[in-house]
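The values are calculated or read from the model by the stated rules, or taken from the named source; none is laboratory data. Note that the coordinates shown come from a computational prediction; the quantities given were computed from them, not determined experimentally. All Cβ positions, even for glycine, are placed from backbone atoms using ideal geometry, and neighbour counts span all protein chains on display.
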Number of protein chains: 2
Amino acid sequence: MPGALSGIRVIDLTHVLAGPTTTMILADLGAEVIHVEPPTGDDAREYGPFLQKVDKNHSGYFISLNRNKKSLVLNLKSPKGKEILRELLKVSDVLVENYRPGTMRSLGFDWPDIQKINPGLIYASISGFGHEALPEYARLPSYDVITQAYSGLMSLTGPENGPPCRVGSSIGDIVAGHQAAIGILAALHHRTLTGRGQWFDGSMVEGLFSTLENAVIRYTSSGEIPKALGTAHPTITPFQAFRALDSWIVVAVGNDKMWVCFCKTLGRGDLIDDRRFRTNPLRTKNREALARILGEELVKKTSKEWMTILEKDGIPCSPVNDIKQICEDPQINYRDMLVDVEQSDVGKVKIAGSPYRLSETPGTVRSGAPVLGEHTEEVLTSILKISHAEILSLREEGVIN
Amino acid sequence: MPGALSGIRVIDLTHVLAGPTTTMILADLGAEVIHVEPPTGDDAREYGPFLQKVDKNHSGYFISLNRNKKSLVLNLKSPKGKEILRELLKVSDVLVENYRPGTMRSLGFDWPDIQKINPGLIYASISGFGHEALPEYARLPSYDVITQAYSGLMSLTGPENGPPCRVGSSIGDIVAGHQAAIGILAALHHRTLTGRGQWFDGSMVEGLFSTLENAVIRYTSSGEIPKALGTAHPTITPFQAFRALDSWIVVAVGNDKMWVCFCKTLGRGDLIDDRRFRTNPLRTKNREALARILGEELVKKTSKEWMTILEKDGIPCSPVNDIKQICEDPQINYRDMLVDVEQSDVGKVKIAGSPYRLSETPGTVRSGAPVLGEHTEEVLTSILKISHAEILSLREEGVIN
């Protein structure tokens with residue numbers, strides 16, 4: 001079954017995480033993604049965990065992000081390397097990169113150059129603060145942890161009155177990667193109508209800023225600065241994690257009617273008439289006192305016991321699953337969200353599947369990640385019609401691998 | 001300037017956050033989004049902060065998510081309400097909803113029904129665990145905090161050895177909203193080629209699971225269960241937050257060369273030759289001891305002083321901005337990420353802008369959120385050519401507002 005984006009060719013100049021997230025999504029959805037790597041390989045090939053030998057072809061980190069892609073090694077510092085890239089861009093639909101701003105210009109592939117090469121090309125760049133920037137921001141380096149801190153998200157995450165915490169996955173990279181995919185697909189629709197490509201100038205900091213939801217309007221409308229609240233909700237109570245006998249659980253009591261029901265389920269009918277807790281605003285105001293009381297009740301049974309009891313009574317709840325538990329979860333596995341992929345030189349590897357469950361053209365994991373330069377020859381001969389003799393000479397000159 | 005999705009009509013049966021995030025993205029990119037609300041309004045209209053009176057037309061929460069949309073009030077429990085929805089679907093491109101699985105079927109708008117109404121329609125549903133589900137998951141309620149807990153993300157977020165923490169914005173809803181937008185846009189491309197619509201069956205839990213990045217492969221390859229680490233990185237050190245004199249800062253020392261430079265910047269050249277810290281694996285192994293030493297140095301100056309010193313020496317760093325600081329940030333404002341929108345009955349409201357910075361068709365905030373039912377008459381007369389007399393009678397019957 002061909003994917004929704006089958007027939008779309010993507011030149012992927014990305015590395016590590018934000019850009020590769022975008023091209024992974026496009027590849028899962030059926031696009032032909034040609035990951036152009038320097039002779040030293042994408043940096044992510046050196047990130048653990050390593051599945052066998054600690055080398056460029058056995059990084060589990062790289063494999064989970066680069067399934068479904070082709071690898072072409074190209075030395076972009078050489079004039080011939082640039083020439084090959086130029087020829088590829090002429091016959092491609094999309095270019096994605098997440099270099100530091102300035103790098104593409106110094107390579108000769110700034111947006112005006114790209115438009116001249118192929119006016120129909122859709123070009124997406126992802127950087128920490130955006131390419132169009134005030135001078136003092138233009139060249140700042142960015143990592144996920146920096147964008148989480150800078151965007152304000154870290155100030156909202158962590159225990160109440162405790163130290164700020166990082167979201168436990170690199171959500172700054174990943175949200176930016178999703179947004180670039182959206183920008184590219186919207187531009188693709190526009191190109192179908194007009195024939196013209198365009199440039200998406202993504203910023204990781206802005207990406208996260210746009211996901212802060214009510215925190216921004218709370219501040220701009222009242223001047224109140226929202227703070228981290230552990231697992232609690234700023235305006236709904238109880239709606240947070242509690243310690244059960246063996247592990248943590250989450251209970252989400254969304255309204256006053258459910259509160260009454262929850263009190264009965266706990267065998268604490270006395271709380272229904274407690275003046276401190278009668279309405280949601282009162283429960284929110286007296287959250288600490290309430291959390292102490294509920295904590296003492298909920299710690300009496302195991303997570304599993306509570307799930308049975310609470311689900312039976314219609315109280316929204318969840319175990320706080322660890323990574324083992326979610327990987328073994330029946331529904332995650334029923335929906336193929338954990339897939340075995342055949343990885344050359346390593347064998348079967350279990351990675352997260354595609355959440356793009358489209359009825360006709362679902363996202364799929366069709367192959368493992370490429371070995372460094374695995375498709376160099378195939379891409380050059382089949383797409384650019386470069387002869388074998390020329391490939392040998394390009395290899396000798398160090399232009400390709 | 002028309003948006004990339006101008007000409008695309010979206011019927012929006014969503015409420016609160018995950019679905020509205022999807023339709024907000026489509027609306028920002030130029031689609032015509034008709035938010036079909038029950039006579040009581042989208043629940044989010046009752047969520048604070050309230051900008052004036054505490055009523056359905058003054059929720060800042062609702063405004064920040066529903067800018068650029070139209071509001072049509074339709075009673076879907078009445079046969080005539082269903083009939084109007086059916087007529088609208090015939091002349092629309094996309095349908096988005098985030099009801100609990102089963103609700104659309106009970107309304108008579110299950111996927112097979114929808115295909116009969118309009119075979120070209122793209123239908124996106126978002127639910128906690130997905131519509132195609134094992135029986136015990138099919139009807140479970142879901143809230144953001146539940147999906148954060150269930151997906152494993154909460155187990156990775158929080159202080160080391162401390163309680164789990166929730167990501168400080170509703171990232172479970174928001175990631176699912178982004179993914180549905182991607183699914184819809186990919187399906188739109190596929191429809192352009194084939195004329196056929198399709199169904200996107202999104203799951204919030206899967207959405208977050210797909211963003212856990214290296215945590216999944218670490219577990220599946222080694223059996224190791226990744227844990228929360230505060231702000232620290234599992235394999236790079238020092239790469240975390242520290243307390244400065246006045247607030248928190250983040251320092252991201254990515255490699256051994258930068259470590260030497262960082263020691264000099266701190267005036268702690270003695271640490272360069274400290275055997276515990278010479279390489280990144282050693283620094284990671286001895287993270288606690290290192291954090292204590294660095295903590296004692298970094299607390300000596302203010303955040304602003306450190307930014308000047310560290311940036312000068314090329315050490316990636318960031319203040320841990322609070323919401324006030326990021327809202328006042330020059331770069332965020334230079335890129336119009338905080339925009340004034342004219343909101344009827346309230347005046348100017350400041351909300352987050354669109355991060356879809358496309359060179360020809362950028363995402364834009366063109367209007368505030370609709371008052372409940374503001375566009376009922378306009379939509380019915382202009383799109384469905386319903387007469388004014390008929391509208392009066394529909395209103396009397398309680399089918400519309």
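Summary of values
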| quantity | calculated |
| --- | --- |
| Identity of the residue in the range B:176-195, assigned to a helix (DSSP H, G or I) and more than 7 Å from chain A (Cβ to nearest Cβ), that ends up modelled with the lowest pLDDT | B:Leu193 |
| Members of the range A:90-110 found to be under 28 Å from A:Lys385 (Cβ atoms) and more than 21 Å from the chain's Cα centre (by Cα), listed by number | A:Lys90, A:Val91, A:Ser92, A:Asp93, A:Met104, A:Leu107, A:Gly108, A:Phe109, A:Asp110 |
| Out of A:Ser155, A:Ser151, A:Ser221, sole residue that is hydroxyl-bearing (Ser, Thr, Tyr) and either more than 7 Å from chain B (Cβ to nearest Cβ) or surrounded by fewer than 24 Cβ atoms within 10 Å (Cβ to Cβ) (or both) | A:Ser221 |
| Per-region count, the range B:229-243, residues crowded, with 21+ Cβ neighbours inside 10 Å and aliphatic (A, V, I, L, M) | 2 |
| Complete set of residues in the range B:132-175 that are under 14 Å from the mean Cα position of the chain (by Cα), within 28 Å of A:Ala186 (Cα to Cα) and assigned to a loop (DSSP other than H, G, I, E, B) | B:Ser169, B:Ser170 |
| Residue count for the range A:46-61, restricted to those that are more than 18 Å from the chain's Cα centre (by Cα) and either among the acidic types (Asp, Glu) or in a helix (DSSP H, G or I) (or both) | 2 |
| When residues of the range B:226-250 are limited to those that are of a type outside the set (S, T, N, Q), facing chain A (nearest Cβ under 9 Å) and assigned to a strand (DSSP E or B), the one nearest to B:Gly158 (Cα to Cα) | B:Ala241 |
| B:Ile114 being assigned to a helix (DSSP H, G or I), among the aliphatic types (A, V, I, L, M) and buried (at least 24 other Cβ atoms within 10 Å of the Cβ) | no |
| Of all residues making up the range B:7-45, the number that are assigned to a loop (DSSP other than H, G, I, E, B) and more than 10 Å from chain A (Cβ to nearest Cβ) | 8 |
| Some residue of the range A:211-227 being under 19 Å from B:Cys165 (Cα atoms) and modelled with pLDDT under 95 | yes |
| In the range A:62-85, residue surrounded by the fewest Cβ atoms within 10 Å (Cβ to Cβ) [restricted to those that are within 29 Å of the chain's Cα centre (by Cα) and part of a helix (DSSP H, G or I)] | A:Leu85 |
| Filter pass, B:Ser354 being in contact with a strand residue (DSSP E or B) (Cβ under 9 Å, 6 or more places away or on another chain) and either outside the structural domain of B:Gly30 (by TED's automatic domain parsing) or in contact (Cβ under 8 Å) with a residue 24 or more places away in the chain (or both) | yes |
| Checklist (1) within 11 Å of another protein chain (Cβ to nearest Cβ); (2) assigned to a helix (DSSP H, G or I); (3) without any contact (Cβ under 8 Å) to a residue 12 or more places away in the chain applied to A:Thr284, failing item | (3) |
| Sole residue being under 30 Å from the mean Cα position of the chain (by Cα), assigned by TED's automatic domain parsing to the domain that holds B:Lys69, of a type in the set (Asp, Glu) and more than 30 Å from A:Ser210 (Cα to Cα), chosen from B:Glu378, B:Glu360 | B:Glu378 |
| Breaking point among (1) out of contact with any helix residue (DSSP H, G or I) (no Cβ under 6 Å at 6 or more places or on another chain); (2) over 23 Å from B:Gly158 (Cβ atoms), for B:Glu297 | (1) |
| Selection status of B:Glu213, facing chain A (nearest Cβ under 7 Å) and surrounded by fewer than 24 Cβ atoms within 10 Å (Cβ to Cβ) | yes |
| Filter result (crowded, with 24+ Cβ neighbours inside 10 Å, among the charged types (D, E, K, R) and more than 23 Å from B:Pro101 (Cα to Cα)) within the range B:1-30 | B:Asp28 |
| Which numbered condition B:Lys300 fails, given (1) buried (at least 19 other Cβ atoms within 10 Å of the Cβ); (2) part of a loop (DSSP other than H, G, I, E, B); (3) not small (Gly, Ala, Ser) | (1) |
| Failed criterion for A:Tyr219 (all others in (1) of a type in the set (Phe, Trp, Tyr); (2) within 23 Å of B:Gly48 (Cβ to Cβ); (3) in contact with a Leu (Cβ under 7 Å, 6 or more places away or on another chain) hold) | (3) |
| Qualifying residue in the range A:142-149 (condition: on the phi > 0 side of the Ramachandran plot and at pLDDT 95 or above) | no |
